[in-house]
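No lab work stands behind these numbers, since they all come straight from the coordinates. Only a predicted model underlies this, so the values are computations on that prediction, with no experimental measurement involved. So basically every Cβ, Gly included, is an ideal-geometry build from the backbone, and we count neighbours across all protein chains shown.
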Amino acid sequence: MKKVVKFGGSSLASAEQFQKAGEIVRGDESRRIVIPSAPGKRFAVDTKVTDLLYTCYELAEEGQDFSMEMQSIKKRYQEIIDGLDLKEDLKDEFAAIENRFWEKAGADYAASRGEYLNGKLMAAYLGFEFVDAAEVIFFDEEGAFDNDKTNKVLSKRLEGNAGVVIPGFYGAMPDGRIKTFSRGGSDITGSIAARAARADVYENWTDVSGVMVADPRIIHNPEVIDVITYRELRELAYMGASVLHEDAIFPVRIEGIPINIRNTNDPEAQGTWIVQSTGQKSKYTITGIAGRKGFCSVNIEKDKMNSEIGFGRKILQAFEDNEISFEHMPSGIDTMTILVHQDEFMHKEQNVVAGINRLTHPDSIEIEADLALIAVVGRGMKSSRGTAGRIFSALAHANVNVKMIDQGSSELNIIIGVRNEDFETAIRAIYDIFVTASI
Ligand code: ASP
């Protein structure tokens, strides 16, 4: 059994958190490959080390003194060193980092040092070998992740059973320059390492007990999802559920390795299993609910639209010409509605309207702003009757007017459009009917 364990920033934000992570690793000898993030927030208004590094580097780029900001980064690491009774001295590392800042080594280099230094401390603390991500994670000349090269080199490096620590978030370009993934990217490193090591599990340790059925800012203390498929998670993540970086699914998916989201502060909780496919039914018919505000609908009407070949293409052309991507496109016989992100659309609105008029000569175009989209996701919907019925009767009882409905043929999700101001009420109503009512 081999497990790759990734710890998020809040799991390694202080010596106390490091100790919890250490206990977790030592508590199971199959936890041999450890991927740390940089120290995150210790309390709500704290600043992540990654953000402090970006700030320092901005100052360095402007030729300004950044010693004060760097001092607070040094202090964060020193507290961890002292709290863990480590003998490490990061003086030379910091001197080298400061020099590279003055040489303008790049914002990615700067940000990556958070993980690099935390990796050094983690390796010392666990007595594991430190492997610099720059030697095993690769990007190509264009800055895209180089899957093949990475997998080849990293698989070789991870042969055997020695304990290793690989810092998350970054790798190297062909010329040796450091490049990072997007924010939260240590999740991706963990997934890449799990694939390369052919791990049995990719454990992702964070500060929540798994993926929640709904957003805890809307539902007080929501239930945790015990098993979810990659595809379901992607649907939820796209609509705003954020537990894992959205690209972290892809590497493990190639090998069908499950991801187990766990809570460093509650290690006994089994968390959420993210799997390729499962015969296990989800507990509540639906697996999860997520949503986002801030959409606009553009409703186009034209008599006999249904018989005009190429009509849809021309409408979408008007959006493409203005570089606007669309989210959904429900249609009727003589109507078609395009849903777009309001902030992307608003300043180009009149150009799009002119384009639609020019290309299709519609009878009318109506635009409605301030809409929210809610995705009700569940692999169980395919095999159960009445899910849609329950959703819409719950919404009717909650006095929520449904503006749009879209169900893909995969029957994995139902998308519902409501007004922004009905968003929270709608989510509560759906959660109550499927979850609260069946507890
Ligand atoms: N430290 C990086 C960030 O704050 C990457 C990560 O934590 O995954 O985004």
Problem - Paramagnetic label zone (point 7 Å from Cα along Cα-to-C-beta, Glu135; backbone N under 11 Å) in the stretch 73-102 - result: none
Exercise for the section: Describe numerically, in nm with one decimal, the distance between label points set 7 Å from Cα along Cα→Cβ at Arg385 and at Leu90. Expected result: 6.2 nm
Problem - Contour excess over end-to-end distance, with Cα ends at Ile439 and Lys149 and 0.36 nm allotted per residue - result: 99.5 nm
Practice task
Would you work out the relative contact order for the stretch 1-91, in percent, from Cα pairs under 8 angstrom that are 6 or more residues apart?
Solution key: 29 percent
Fill in the blank from the handout: Restricting to Cα pairs under 8 Å and 6 or more apart, the percent relative contact order of the chain works out to 13 percent
Exercise for the section: Just rank Tyr116, Tyr238, fewest to most, by other beta-carbon atoms within 10 angstrom. Expected result: Tyr238, Tyr116
Completion exercise
GNM on the chain, Cα springs under 10 Å; top mean-square fluctuation among Ile97, Ile414, Ile192 goes to Ile97
Fill in the blank from the handout: Length gained, Ala44-Ser364, 0.36 nm per residue minus C-alpha separation, equals 110.3 nm
Problem - For the chain, built as a Gaussian network whose Cα springs stay under 10 Å, the top-fluctuating residue of Arg31, Arg195, Arg100 - result: Arg100
Exercise for the section: At a Cα cut-off below 17 Å, give the lysines reachable from Lys91, other chains included and same-chain residues fewer than 8 away excluded. Expected result: Lys74, Lys75, Lys120
Practice task
Treat each spin label as a single point 7 Å out from the Cα along the C-beta direction, and report the Lys104 to Arg217 distance in nm.
Solution key: 3.7 nm
Handout entry: Fully extended contour minus Cα-Cα distance, from Glu323 to Glu58, at 0.36 nm per residue
Key = 92.3 nm
Problem - Top of Gly160, Gly256, Gly210 by mean-square fluctuation, Gaussian network on the chain, Cα under 10 Å - result: Gly160
Practice task
For a footprinting-style exposure proxy, rank Trp205, Trp273, Trp102 by other Cβ within 10 Å, fewest first.
Solution key: Trp102, Trp273, Trp205
Practice task
Quickly estimate the mean residue ellipticity at 222 nm for the chain, helices only: each DSSP H run with n ≥ 4 gives -39500 (n - 2.57), and the total goes over all residues, rounded to 500.
Solution key: -11500 deg cm²/dmol
Practice task
Enumerate the residues in the stretch 1-36 having an amide nitrogen under 19 Å from the point lying 7 Å beyond the Cα of Asn265 toward its Cβ.
Solution key: 6-25
Problem - Likely footprinting exposure, Ile225, Ile24, fewest C-beta neighbours within 10 Å first - result: Ile24, Ile225
Handout entry: Magnitude of the charge dipole, the chain, Cβ model with Lys/Arg +1 and Asp/Glu -1, debye to 20
Key = 1360 debye
Completion exercise
Here, Met68 and Asn306, labelled 7 Å along Cα→Cβ, have an inter-label distance in nm of 7.0 nm
